[in-house]
1. One residue is enough: does region 140-155 have a residue meeting the conditions more than 16 Å from the ligand (Cβ to nearest atom), assigned by TED's automatic domain parsing to the domain that holds L115 and assigned to a helix (DSSP H, G or I)?
2. Exactly one condition in (1) outside the structural domain of S62 (by TED's automatic domain parsing); (2) more than 21 Å from the chain's Cα centre (by Cα) is not met by V373; state its number.
3. Has region 200-210 got any residue that is away from the ligand (no atom under 16 Å from the Cβ), over 16 Å from the mean Cα position of the chain (by Cα) and outside any loop (DSSP other than H, G, I, E, B)?
4. Report yes if some residue within region 87-102 is within 12 Å of the ligand (Cβ to nearest atom), of a type in the set (F, W, Y) and buried (at least 19 other Cβ atoms within 10 Å of the Cβ); otherwise report no.
5. Can you name every residue in region 426-464 that is of a type in the set (S, T, N, Q) and within 28 Å of A582 (Cα to Cα)?
6. Can G304 be described as closer than 19 Å to A439 by Cα, surrounded by fewer than 23 Cβ atoms within 10 Å (Cβ to Cβ), not assigned by TED's automatic domain parsing to the domain that holds E437 and not hydrophobic (A, V, I, L, M, F, W, C)?
Amino acid sequence: MRMKMMLALLAGTLFGVPTHAADMADVDNAAATPPMGWNPWNAFRTEVTEAKILAVAKKLKSSGLAAAGYRYVNVDDGWWLARRADGRILVRTSMFPSAATPDGRTSLKPFVDRLHAMGLKAGLYTDIGRNICSQAWDPSSPNLPAGARAEREVGSMDFQRQDMQLMFGELGIDYLKVDACGMADYAPDRRHVRDGTYRELGPFIVRHRPEQGDAAKVEALYASLAAEIAAVRPRGDYMLSICTWGEADAANWAGKYGQLWRTSPDIRATWESMLSSFDTAERRALYAGPGRWNDPDMLQIGNGEFGAGRLVEARAHLSLWAILGAPLLLGYDLTRSPDSLIAIAGNREAIAIDQDPAGNQGITVSRDGDAQVIVKALRERGAKAVALVNRGNRPLTVSVPLHRLRLRPGVAVRDVWGGRSERLEGDTVTRRLGPRETALLRVTGMPLAGVHLTEMTGRIRVLEDGRAGRRVDPAWVPAQVNAAPSGEPLVLAGERHDDGLGVLGNSRLQVALDSRFRTFRATVGPLDAGTTATFRVLGDGKVLAERAVAAPAGLDVPVAGVRLLELVVEEQGKAGPPVLAAWAQARLE
Ligand code: GLA
């Protein structure tokens, strides 16, 4: 026994430095790594027939993509016919013939069973309001719900218990995407409401105008829906995908109820749209981690500017989702896929970067025009995934010095798309990139001393973002890596810090240390001259250090034995615009 313990201790440390500095031990379930699978929306919109979906499911198996991790087969908008008077949702059996039953109640159970029998997982789709997205956005779809107005209200509002019991209990689904058009697109002034086609609701989400919406109302509905699911299935056994397109403040609450949440409007099959979806998630590294994932939307590989003739873009798209640790949901007709695209989607090394168990999101360490460098700390200490990105249409040279990877010179570089490995002699990783090309690398070597908080975002939670009770620019992200909430660089008294966390006053971050470290160090201070803030460090609820500072100050705090570290910034007065503050060079030794 003693021997075993000693071996475990030895395995967990290397000369006193924790070797697994960044895995989140408390998540061990279906969402411990981001979900992977396929969704028909980007390929078929509401034309989702059982035959098409099963054909794709077979292709997932025969192509090896399922074995590579793509297991969820999700149905999106379009599967329903009507809500019966007793509340049961009827399936459109012309699209899902196996759902027909002699008594007319219809059931997707045979379809779900079929997917399960193939070793796949089954996903379904609903809305948090009364009505759904296609009713507002695809009025000429032949697959809209039919019948009287109440029968066409197939969204989950007012039917949460019955719908969740149907989907998770009776049908046994594994994944539910819950959209929010019902909260956004049925305002009294909308034509389809004025003409009586649909019943008025809200709006509780006004896109791009958060101050006109009611995020608390939206959150409450998702919370009660999640509770209904939890009454049927244990948490951790399913995926709840929250689809408010980055609206309704979802990043701040969605992780309490769901396992993934959208950060952007719908992705289109264009390079610009892909980048803008990526950017929305990239800024939110502190909100994601094992069991809670930023979702920049489904992949467009195979479609439009990511099609068979655009392999450079397709590789870049997968690289960017993988370096984030984003859900990987393919969205094209796999039955017509050339092998070249299957090979990209199925690249095991790219998938391993996405699925790395530490769950750290990749963070931008430099951005200069179209050149962007993103680094994701992997679970294996001294291993970093690096994306060198050319966002533009002209060739470009992109480099990153090894110290920004927090590695010592003398590293091994594995090029995921090039399939080559090499020993790097110098101290800078450099690639010449063609238009829109991304080099995805796995770099391994000896780490620099200590672990920076920016290398362990998967273990950080934003407990309070500092916005409570006041208005903050909606374009800001209240807690950010390597940037202020406003997106500006971290500058303390004229000195620029390229590493650290930018927060608002009255914020509280939690870092799971699990007793692995001895000292916490940082340079802290308010980002605006003339303001003062109190920086407080707590260990398992006890105050370990507290400093009121107007000019940058160094903190050096013993944390031996601490499991949960809390980093608090408190403002002097709580009214008025928030103080912006930095935990620069925040690190653990
Ligand atoms: C919304 C979602 C999409 C898709 C459609 C279906 O736009 O964001 O992902 O589900 O609805 O109508």
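The values are calculated or read from the model by the stated rules, or taken from the named source; none is laboratory data. Given the structure is predicted, the values throughout are model-derived calculations rather than measurements. Because the Cβ atoms are built from the backbone with ideal geometry, glycine has one as well, and the counts that use them run over all protein chains shown.
1. Yes: region 140-155 contains one or more residues that are more than 16 Å from the ligand (Cβ to nearest atom), assigned by TED's automatic domain parsing to the domain that holds L115 and assigned to a helix (DSSP H, G or I).
2. If we test V373 against (1) outside the structural domain of S62 (by TED's automatic domain parsing); (2) more than 21 Å from the chain's Cα centre (by Cα), just (2) comes out false.
3. Yes, some residue in region 200-210 is away from the ligand (no atom under 16 Å from the Cβ), over 16 Å from the mean Cα position of the chain (by Cα) and outside any loop (DSSP other than H, G, I, E, B).
4. no
5. Within region 426-464, T428, T454, T457 meet the criteria.
6. It is false that G304 is closer than 19 Å to A439 by Cα, surrounded by fewer than 23 Cβ atoms within 10 Å (Cβ to Cβ), not assigned by TED's automatic domain parsing to the domain that holds E437 and not hydrophobic (A, V, I, L, M, F, W, C).
Each row is one residue, and each column tells you yes or no for (1) surrounded by fewer than 16 Cβ atoms within 10 Å (Cβ to Cβ); (2) modelled with pLDDT of 95 or more; (3) under 24 Å from P327 (Cα atoms).
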site	(1), (2), (3)
R161	no, yes, no
L166	no, yes, no
Y175	no, yes, yes
E200	yes, yes, no
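Every residue, every condition in (1) out of contact with any Leu (no Cβ under 9 Å at 6 or more places or on another chain); (2) more than 29 Å from E571 (Cβ to Cβ), yes or no:
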| site | (1), (2) |
| --- | --- |
| S421 | yes, yes |
| I460 | no, no |
| A484 | no, no |
| P489 | yes, no |
